[in-house]
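Asker: This is the structure, below, for whatever I ask next.
Where a number appears in this text, it was derived from the coordinates with a stated rule and is not lab data. Because the structure is a prediction, the values reported are computed rather than measured. Virtual Cβ from ideal backbone geometry, glycine too; neighbours counted across all protein chains shown.
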Amino acid sequence: MSLPDRPFAAVLLDMDGTLVDSTAAIARCWSTWALEHGITQRQLVAAHGHGRPAAEIVRDLVGAERAEQAAARITELEVADVDGVVQLPGVPQLLAALPHGRWAVVTSCDRALADARRGAAGLPEPAALVTYDDVSRGKPDPECFLLGARRLGVDPADCLVVEDAPAGLAAARAAGCATLAVRTTHPTGPLRADAVVALLSHVRAAAVEGGVRVEVLQEAPDGV
């Protein structure tokens, strides 16, 4: 498959695993949280599908009665630990090529964590930011991408979503967006997207009449 051969009105980008590498910080924080809450590593791995909101993972692990306090604790840990959070390869060049009003960050993080990681990685300010605080249902529900498109004043059907996780890609498809997957957190196995790349350094973008044209220079092998 390949990206539609047309300009996109806007590009909606996931953050963790797509724009920034926060893998080590995430692992440290969740390991600490699991020890504090009596959660085994096996339970944590089973529940921690990448791309899902932390609050929903917490609720699955500790139950509704303990969820609010436990979710506040993982947020506290993650906001405090942004050591080693950096932009992924190709991200600075891609964002520099996107016109300011034509891209948004759509993340499963809450606002405090999104701000902490964006600041640590030195990401430029997007024209719109959608976090878990802005929606009633997290990925794979399409609400976040529908809201991102609305905040930019464009039709979701004219948007390209850039994601690294199956939950985010499912949300994008449900929103009617075109999809570009990057194999940062899922280096093997299928990723359902219009195009799949190993890194965003394999993508070029340019402002054109009517929006943004995105070109895939080297697509990753399917399932590899």
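Asker: Determine the calculated [θ] at 222 nm for the chain from helices alone, applying -39500 (n - 2.57) to every DSSP H run no shorter than 4 residues and normalising by the residue count; nearest 500 deg cm²/dmol.
Answerer: One gets -11500 deg cm²/dmol as the mean residue ellipticity at 222 nm.
Asker: Over 11 Å apart: what share of the alpha carbon pairs of the stretch 116-159 falls there, rounded to a whole percent?
Answerer: For the stretch 116-159, the fraction of Cα-Cα distances above 11 Å is 69 percent.
Asker: Additional query: If packing is taken as the average number of other Cβ atoms within 10 Å across a peptide's residues, how do 140-148, 90-98 rank, most packed first? If you can, show how the numbers build up before the last one.
Answerer: Values: 140-148: 22.2, 90-98: 17.7.
The packing order, highest mean first, is 140-148, 90-98.
Asker: Per residue, what volume in Å³ does the convex hull of the Cα atoms of the stretch 23-80 enclose?
Answerer: 73
Asker: Still on this structure: Based on the mean of other Cβ atoms within 10 Å per residue, sort peptides 73-85, 102-114 so the most packed one is first. Please list the in-between numbers first.
Answerer: Values: 73-85: 17.3, 102-114: 23.6.
Per-residue mean Cβ counts within 10 Å order the peptides as 102-114, 73-85.
Asker: I've got another one for you. Per-residue HN-Hα couplings for the stretch 11-24, Karplus 6.51 cos²θ - 1.76 cosθ + 1.60 at θ = phi - 60°, whole Hz, x for Gly and Pro?
Answerer: Along the stretch 11-24, the couplings run 10, 10, 10, 5, 9, 5, x, 10, 9, 10, 9, 10, 4, 5 Hz.
Asker: If you don't mind, another one. Can you give me the Rg/Rh ratio for the chain, using Cα atoms for both radii and the Kirkwood formula for Rh?
Answerer: The Rg/Rh ratio comes out at 0.96.
Asker: Same structure, new question: When DSSP beta bridges are limited to those with both residues in the chain, what percentage is antiparallel, rounded to the nearest 5?
Answerer: Looking only at bridges with both residues in the chain, the antiparallel portion is about 35 percent.
Asker: Please compute the modelled spin-label separation between A157 and A174, points set 7 Å along Cα→Cβ, answer in nm with one decimal.
Answerer: 2.0
Asker: Residue by residue, what Karplus-based ³J(HN,Hα) values in Hz, rounded to whole numbers, does the stretch 72-85 have, using 6.51, -1.76 and 1.60 with θ = phi - 60° and x for Gly and Pro?
Answerer: Whole-Hz 3J(HN,Hα) from phi for the stretch 72-85: 5, 5, 5, 4, 4, 5, 6, 5, 7, 10, 10, 4, x, 6.
Asker: Could I ask something else about it? Compute, for the stretch 23-80, the length of the dipole vector about the Cα centre, with Cβ point charges of +1 (Lys, Arg) and -1 (Asp, Glu) only. Units Debye, rounded to 20.
Answerer: For the stretch 23-80, the charge dipole is close to 180 debye.
Asker: Place a point 7 Å from Cα of S31 in the direction of its Cβ. Which residues in the stretch 44-88 have their backbone N less than 19 Å from it?
Answerer: From the stretch 44-88, the list is 44-50, 74-86.
Asker: Just to check I understand the Karplus step: with θ = phi - 60° and J = 6.51 cos²θ - 1.76 cosθ + 1.60, what whole-Hz values come out for the stretch 112-120, glycine and proline as x?
Answerer: Here the 3J(HN,Hα) series is 4, 6, 4, 5, 5, 6, 4, x, 5 Hz.
Asker: Can you list residues whose amide H is under 5 Å from D110's amide H, if they're 5+ apart or on another chain and H is modeled 1.01 Å from N?
Answerer: So D110 has HN proximity to Y132.
Asker: OK, next. As a footprinting exposure proxy, order L44, L13, L61 by other Cβ within 10 Å, with the fewest listed first.
Answerer: Result, fewest neighbours first: L44, L61, L13.
Asker: Counting only the backbone N, which residues of the stretch 143-182 are under 16 Å from the spot 7 Å out from the Cα of L199 toward its beta-carbon?
Answerer: Counting backbone N atoms under 16 Å from the label point, the list is 182.
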